[in-house]
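No lab work stands behind these numbers, since they all come straight from the coordinates. As the structure is a prediction and not an experimental result, all values here were calculated from the model. No Cβ is skipped: glycine too gets one built from the backbone with ideal geometry, and neighbour counts run over all protein chains shown.
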Amino acid sequence: MANDTLAEALNTIKTHEREGREQCEVRPSKIVREALKILQTAGYIGDFEFVDLRQSGVFRIKLLGKINQCGVIKPRSPVKKADWASWEQRFIPGVGFGLLIVSTPKGMMTNDQAKTSGLGGRLMAYIY
């Protein structure tokens, strides 16, 4: 049993995408739910729903085949609002291609949303 549910969820999504599957199931948590909302808004995944099983539940995610690479960023590095460019160069292959998921005082959001809001935060994951 993994301690990092976000890492487990992103790894499951990535492997199912590479196999060409249409959907996958991941264990639920608040962080996973917020990350899935961001991925859905950005167009990387389709709809997702919580399926309640007797002992626990799962998120059932519709995959669109748009993910090349994704993963968590460990350690969860703090980023100041002036340092976004250097962190984007480190984890994203090109300008306007991919995104970083960041935990800020205003909740989880993408790096672009954090830049426009003038916020810093902790890096959680990357996707492209």
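Per-structure values
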{"quantity": "CD proxy at 222 nm, helix term only [per DSSP H run n ≥ 4: -39500 (n - 2.57); per residue of the chain; nearest 500]", "calculated": "-10000 deg cm²/dmol"}
{"quantity": "Region 5-63, Cα convex hull volume normalised per residue, Å³", "calculated": "74"}
{"quantity": "Point-charge dipole on Cβ atoms (K/R +1, D/E -1) for region 73-127, about Cα centre, debye to 20", "calculated": "220"}
{"quantity": "Unit Cα scatterers, Debye sum, region 59-109: log10 I(q)/I(0) for q = 0.17, 0.29, 0.30, 0.32 Å⁻¹", "calculated": "-0.67, -1.36, -1.39, -1.43"}
{"quantity": "Region 73-127 - percent relative contact order, Cα under 8 Å, separation 6 or more", "calculated": "47"}
{"quantity": "Those lysines that a straight Cα-Cα span of less than 19 Å connects to Lys106, excepting residues fewer than 8 apart in one chain", "calculated": "Lys30, Lys37, Lys80, Lys81, Lys115"}
{"quantity": "Footprinting exposure proxy for Asp52, Asp83 (fewest neighbouring C-beta atoms within 10 Å first)", "calculated": "Asp52, Asp83"}
{"quantity": "FRET efficiency, Ala7 to Asp47 (Cβ-Cβ, R0 25 Å, nearest 0.05)", "calculated": "0.65"}
{"quantity": "Sequence of Val79, Val51 once ranked by neighbouring C-beta atoms within 10 Å, starting from the fewest", "calculated": "Val51, Val79"}
{"quantity": "The chain, relative contact order in percent, only Cα pairs under 8 angstrom and at least six apart counted", "calculated": "24"}
{"quantity": "For the chain, with +1 on Lys and Arg beta carbons and -1 on Asp and Glu, the positive-most of Gly98, Ile67, Ile13 along the dipole", "calculated": "Gly98"}
